[in-house]
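S.K.: Please read through the structure below; I'll follow up with questions.
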Amino acid sequence: MRIAVAKEIEVCERRVALVPDIVARLVKQGLEIWIESGAGDRAFFNDAAYEAAGATIIADINKLWSEADILLKVSPPQEREDGRSEIDLLKEGAVLISFLNPLGNPVIAQKLANRKVTALSMEMIPRTTRAQSMDALSSQASIAGYKAVLIAAAALPKYFPMLTTAAGTIAPAKIFIMGAGVAGLQAIATARRLGAIVEAFDIRPAVKEEVQSLGAKFVEVKLDEETTAAGGYAKEISEASKKRTQELVTEHIKNADVVITTAQVPGKKAPLLVTEDMVKQMKPGSVIVDIAAEQGGNCACTDPGRDIVAHGVTVIGPINLPSSLPVHASQLYAKNLTSLMQLLIKDKAVDVNFADDIIDAACITHAGEIHSARIKEALQAISSAVS
Ligand code: NAD
């Protein structure tokens, strides 16, 4: 049973799928671990550390991909510089575990099925209590929420905490967090630790108590429709509700020194929460950090991957924030992967047991077929849009 870790080729990806500590535990269980040479370099885990943990370092990419029983990655497979697709490097019947973005890019599932790969998508792990230790969306979103606040604090031309000094009293900064899921809650906690006054808003009323327990004020928006979907996620709301929400949050945005937006709806473009008109009403020098930049952004002025100044407001649209903390992001992700592999490996062999609800939900392709009904639907929607 050979588990291989590939080096990430995505330019802004610094994370690695396994860290040396976790490798040592897997080796102890009798599993053979191959690490592509240099795979951990950008997360500060060098080849020597993996070797000391019992892994074999492999420089030959073809060998690593084609002889792996389970291939572990962080970012979805891509085309390589030599024009070959990473998916085509896998042997038939191999298992691939990675973030795969199958709802945003369902075509990847078709390619994996054609290659007869068993693919487990980390985005499809159910958000249940039993799956908590495998929940990479949460482990990585929490990092994004933390880092977004640090970025905002560094960009704000003011202090975050209240200070009483001989030269006068400084009022604390006012932070408004939009979207109080995993990233939003960590952003609240981090901004509170830095001494700011925090308000938060979400269309799911269930988060009110969590927001308050972190010491923030919950801005309540009552809508005449169900806002929570299966699994605790938000639903895409109607245009009328979006308009009503925007009206209600305008005052809070206007008064904030920092706005951090984290709102997302799985498989959809991020909802627009901050219009250009709202940005115009903010104080000069205020800061917006839009964590949803990669999904289209929650702010109309966001330029993904760039920091810009719009109407005197600094608007930051970071890409792949978890990758900016690669040591802990990799450590947590590696733990998520190994917890999932405990369900997948029986007696040192792969056992894809669809009776297990976590495997059933996470597995998107198996034995040449697309296993996930949601992805089949998404593919059908694409083909009917084309025809
Ligand atoms: P997410 O990244 O999909 O979205 C972030 C937040 O944006 C969510 O709180 C969502 O309600 C909010 N949002 C969406 N549209 C909005 C709008 N128009 N205006 C304002 N806010 C909007 O969500 P997530 O952080 O991955 O987690 C969502 C939920 O999943 C959690 O809060 C929780 O209920 C559930 N969850 C459960 C577990 C578990 O039980 N193990 C673990 C993690 C998450």
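S.K.: So is THR245 near the ligand (Cβ under 9 Å from one of its atoms), within 20 Å of the chain's Cα centre (by Cα) and polar (S, T, N, Q) or not?
M.R.: In short, no.
S.K.: Among the candidates GLY231, GLY215, single out the residue that is at positive phi, out of contact with any Gly (no Cβ under 7 Å at 6 or more places or on another chain), in a helix (DSSP H, G or I) and not hydroxyl-bearing (Ser, Thr, Tyr).
M.R.: Within the list GLY231, GLY215, the selection yields GLY231.
S.K.: A follow-up question, please. Does VAL327 count as modelled with pLDDT of 95 or more and under 26 Å from VAL107 (Cα atoms)?
M.R.: In short, no.
S.K.: Continuing with the same structure: Here are some conditions: (1) under 20 Å from SER138 (Cβ atoms); (2) in contact with a Leu (Cβ under 9 Å, 6 or more places away or on another chain). THR228 meets all but one. Which one does it not meet?
M.R.: So THR228 meets the others, but not (2).
S.K.: Of all residues in segment 266-279, which are free of Cβ contacts under 8 Å to residues at least 40 places away in the same chain and open to solvent by 20 Å² or more (accessible area, probe 1.4 Å)?
M.R.: The answer is LYS268, LYS269, PRO271, LEU272, THR275, GLU276, ASP277.
S.K.: For segment 93-138, what are the residues that are assigned to a helix (DSSP H, G or I) and either among the acidic types (Asp, Glu) or more than 10 Å from the ligand (Cβ to nearest atom) (or both)?
M.R.: VAL107, ILE108, ALA109, GLN110, LYS111, LEU112, ALA113, ASN114, MET122, GLU123, MET124, ALA136
S.K.: Count, please, the residues in segment 183-208 that happen to be within 12 Å of the ligand (Cβ to nearest atom) and open to solvent by 50 Å² or more (accessible area, probe 1.4 Å).
M.R.: Here the count works out to 3.
S.K.: Kindly indicate the residue of segment 115-165 that is buried (at least 20 other Cβ atoms within 10 Å of the Cβ) and in contact with a Phe, Trp or Tyr (Cβ under 8 Å, 6 or more places away or on another chain) and also nearest to ASN336 (Cα to Cα) among those meeting that condition.
M.R.: Only one residue tops the list, namely ALA136.
S.K.: How many residues does segment 29-43 contain that are over 16 Å from ALA6 (Cβ atoms) and open to solvent by 50 Å² or more (accessible area, probe 1.4 Å)?
M.R.: 1
The values are calculated or read from the model by the stated rules, or taken from the named source; none is laboratory data. Being a predicted model, the structure only gives us computed values, none of them experimental. Don't worry about glycine lacking a Cβ; one is built from the backbone with ideal geometry, like all the others, and counts go over all protein chains shown. Note: accessible area is taken over every heavy atom of the protein model, side chains too, but ligands, DNA and RNA are not part of it. Shrake-Rupley method; radii C 1.70, N 1.55, O 1.52, S 1.80 Å.
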